[in-house]
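The values are calculated or read from the model by the stated rules, or taken from the named source; none is laboratory data. Note that this is a predicted model, so its numbers are computed, not measured. Positions of Cβ are backbone-derived with ideal geometry, glycine not excepted, and every protein chain shown enters the neighbour counts. Side chains are part of the model used for accessible areas, which takes the heavy atoms of the whole protein and leaves out ligands, DNA and RNA. Shrake-Rupley method; radii C 1.70, N 1.55, O 1.52, S 1.80 Å.
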Amino acid sequence: KYHYIHHMKQTFMTWEQTIESYKTYLILEKALSANSIEAYLNDIRKFAEYCTTEQEVQPNAVTYDLLKDYLAYIGESGISHRTQARTISSIRSFFKFLIFDGQLENNPTRLLETPKIGRKLPNILTVEEIDTLLRTINPQKSGGQRNRAMIEMLYSCGLRVSELINLKISDVNFRLGIVK
């Protein structure tokens, strides 16, 4: 394995040198896939471009305020919350590496908050689609009544498939008409 010296270095590396060193770290220490490494490096290269173009700041001079400005900048560019979250993850990893490598003593990312990533609502069938589905089941055929009961149970109770297949007779109270 590749090992790093854990003392503060006297000279600070440029973005190019730091990114190259970080790439080696990702390959040898983290054993990430090529796609993951490239995604991390692209995120860092974009951040480096912002730092050098907008602020003329090298990696050792990045501040929490600069990070907040960058996140506001990418947020305004219209990228998704998911991509913003990945970018923050990449930047956090990069600065943890800089500390590990002895380039920094304090991590400017420690107070960064990741945007909330909303979960997509599942696609649901319409009443007409459910009715059509139920009409296609022939209760006279083998398994027909069972299949109809399963579809009715999924739809009327809002069960997940895993909940349905693990359902026991003891979970059904026929007298009260409820399922536990």
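Quick rundown of the values:
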{"read-out": "Label of the coordinate-derived value, volume of the Cα convex hull per residue in Å³, listed as [x] 123; [y] 144; [z] 230", "value": "[z]"}
{"read-out": "Heavy-atom surface of the chain, accessible at 1.4 Å and reported per residue (Å²)", "value": "71"}
{"read-out": "Virtual spin-label span in nm between GLU16 and ASN138, 7 Å along Cα→Cβ", "value": "7.4"}
{"read-out": "Vicinal HN-Hα couplings computed from phi for region 137-151 (Karplus, 6.51 cos²θ - 1.76 cosθ + 1.60; Hz; Gly/Pro x)", "value": "8, 9, x, 7, 7, 4, x, x, 5, 4, 4, 5, 4, 5, 5"}
{"read-out": "Gain upon complete extension [TYR155, LEU167; 0.36 nm per residue less C-alpha separation]", "value": "2.9 nm"}
{"read-out": "When each of LYS23/LYS68; LYS141/LYS168; LYS30/LYS68; LYS23/LYS96 is checked by Cα-Cα distance, pairs over 22 Å", "value": "LYS23/LYS68; LYS141/LYS168; LYS30/LYS68"}
{"read-out": "Selected from ASN147, ASN107, ASN35 as most flexible by GNM, with the chain as the system and alpha-carbon contacts under 10 Å", "value": "ASN147"}
{"read-out": "Straight-distance crosslink candidates among aspartates and glutamates, where the alpha carbon sits under 18 Å from LYS46 and sequence neighbours closer than 8 are dropped", "value": "GLU16, GLU20, GLU38, GLU54, GLU56, ASP65, ASP69, GLU76"}
{"read-out": "P(r), alpha carbons of region 89-180 - 10 Å bins starting at zero, rounded %", "value": "12, 26, 19, 9, 13, 15, 7, 1"}
{"read-out": "Top of LEU164, LEU71, LEU28 by mean-square fluctuation, Gaussian network on the chain, Cα under 10 Å", "value": "LEU164"}
{"read-out": "Accessible-area composition of the chain, carbon plus sulfur, in percent [1.4 Å probe]", "value": "52"}
{"read-out": "Segment THR63-THR83, extension gain: residue separation times 0.36 nm, minus the distance between their alpha carbons", "value": "5.0 nm"}
{"read-out": "Whole-number percent relative contact order across region 22-143, with pairs defined as alpha carbons under 8 Å at least 6 apart", "value": "25"}
